[in-house]
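Quick note: the coordinates plus some simple rules give every number you see, no bench work behind them. As the structure is a prediction and not an experimental result, all values here were calculated from the model. With ideal geometry, Cβ positions are generated from the backbone for all residues, glycine too; neighbour counts draw on all protein chains shown.
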Amino acid sequence: MITVVVLSERLDSVLPAAALPALRTAKAVYAGEGVALEFWSSLGVDGPAPAVVEDGAVVITTDASVYPDAHVITTPEPMGAALLDAAAVMHRLRSPGGCPWDAEQDHLSLRQYLLEETFELLEAIEDGDRAAMREELGDVLLQVLFHSRVAAEDPADPFDIDAVAADLVAKLVGRHPHVFEGHDPAVHDATSQQHRWEELKQVEKRRESSVDGVALGQPAVALAAKLVQRTKRAGFPVDLLPEGDDTGTRLFAVTALSKLAGEDPETELRQICRRFAANVREAEAKARAEGVDSPTAEDWRRFWPSSTTRL
C-alpha cells in the first residue's frame, strides 16, 4: 500500500508529525499535485510522482483523490484557519468588482445590523438552538470583519482586522497574568479573577471613576445593573442608591436589588417577556380555533393558559 500525505494549502511546506514514521521507512518519496518545486528539498522529495506508484512509497500532495486506495495522512489546519477565509471573502466583497451594496456601507449604516445580529444570537442562546447559535455567531463575526474592512480604508486613522485581533490578544494576555505569567496572588477563583480584571482595566485605561466606560446607550435594565455592579465593587453603600416613588426610581431599585442578590435582571426580565409573548400567541391561537377574531377582555381570560401566573 502506498501512503499519501496531504499538505495544508496554508502550510504547504509543513509535514504533519503523523507522517514521519512512514517517511522514514518509505521506499521513495514523491511530490504530487500542489507541491511546489522549491519545497522538494525541505520535504525530502525524490522526484515527481509517477503514473504508477509502487507499494511502500509515499506521495506528498494537496489532493489525495487520485489515490483512492492509499493510506491517507492529513495535515491538521491551525486553529482559526477558516477566519483567514472569512477575512478574504470580506475583502473581496468590499473591493472593486465586489458587491455594490457592501461597497456603499460605512460604520454608521452598519450599526443597525450589529444590533440585529446580536439580538438574534441572544435569542438563539436563550432557545438553546445550537444550529441557530452557530449561524448567528457567524453573522456577528461578519459585522466585526465588515467594520474592520471599512476602518482599513480610513485615510486619517486606518486599522484592519489584524490590528483588531492584535489589540484583543494584548488585552487578554495583559488581563490574565495568572495564566500567561504563571502567577498572580490576587487570583484564586472566578470571583477574584473578575475583580482583578476590573482593577487591571481601570489601571490600563486610566479611569478616574468606577463608572467610566459603562456604555450609557445600552438597554435601561442592563445599564442600571451594570452601574450597580461597578459601584458595588467600589464599595458604594446600598443606602445611597436612588430612592423615590416615581416609576424610574422603582425600576432602578428592583434592578439594583436583583443585581446585588447575584441575579441578572436583564435576563430575568427577558425570560418573563418571552413567556408572556408565548402565552399571548397560545391564547390567540385558541381564540382563532373557536372562530374568535377580535377577543374581548373576557375572551382573553378564557383562552389564557391556565398553568401560567397572570402578570
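Once backbone amide H atoms are built at 1.01 Å from N, Glu33 has Thr62, Asp63 as its partners under 5 Å, excluding neighbours fewer than 5 places away on the same chain.
Within the chain, the longest run free of GluC sites (Glu not before Pro) that sit in a DSSP loop with at most 16 other Cβ atoms within 10 Å is 55-152. The Rg/Rh ratio of the stretch 124-185, with both radii computed over alpha carbons and Rh defined as the Kirkwood radius, is 1.16.
Rg and Dmax over the alpha-carbon atoms of the chain stand at 29.3, 88 Å. With Cα atoms as the point set, the stretch 261-309 shows a radius of gyration and Dmax of 13.8, 47 Å. For the chain, the longest principal axis of the C-alpha atoms and the axis of helix 130-151 are separated by about 80°. Taking the longest Cα principal axis of the chain as reference, the axis of helix 190-205 is set at about 90 degrees. Among His147, His71, His195, the largest mean-square fluctuation in a Gaussian network model of the chain, built with springs joining Cα atoms closer than 10 Å, belongs to His71. Computed over the chain with a Gaussian network model linking Cα atoms closer than 10 Å, the most mobile of Arg149, Arg281, Arg196 is Arg281.
Under 13 Å between C-alpha atoms is the cut-off here; go through the chain and count lysine pairs that meet it, provided they're at least eight residues apart or on different chains. Mind showing how you got there, number by number?
Numbers: Lys171/Lys201; Lys171/Lys205; Lys226/Lys259; Lys232/Lys259.
Step by step, the pairs that qualify in the chain add up to 4.
Distances between placed amide hydrogens fall under 5 Å for Thr74 paired with Val6, all partners being 5 or more residues away or on another chain.
The magnitude of the dipole of the chain, with charges of +1 and -1 set on the Cβ of Lys/Arg and Asp/Glu and taken from the Cα centre, is near 920 debye.
For the stretch 287-294, 3J(HN,Hα) computed residue by residue from phi via the Karplus equation (6.51, -1.76, 1.60; θ = phi - 60°) reads 5, 4, 4, 9, x, 9, 8, 10 Hz, glycine and proline entered as x. Alpha-carbon geometry of the stretch 1-107: the Rg and the Dmax are 18.4, 59 Å, given in that order. Against the main long axis of the alpha-carbon atoms of the chain, helix 107-127 sits at an angle near 80°. For the stretch 129-275, the equivalent ellipsoid derived from the alpha-carbon gyration tensor has semi-axes of 31, 24, 18 Å in decreasing order.
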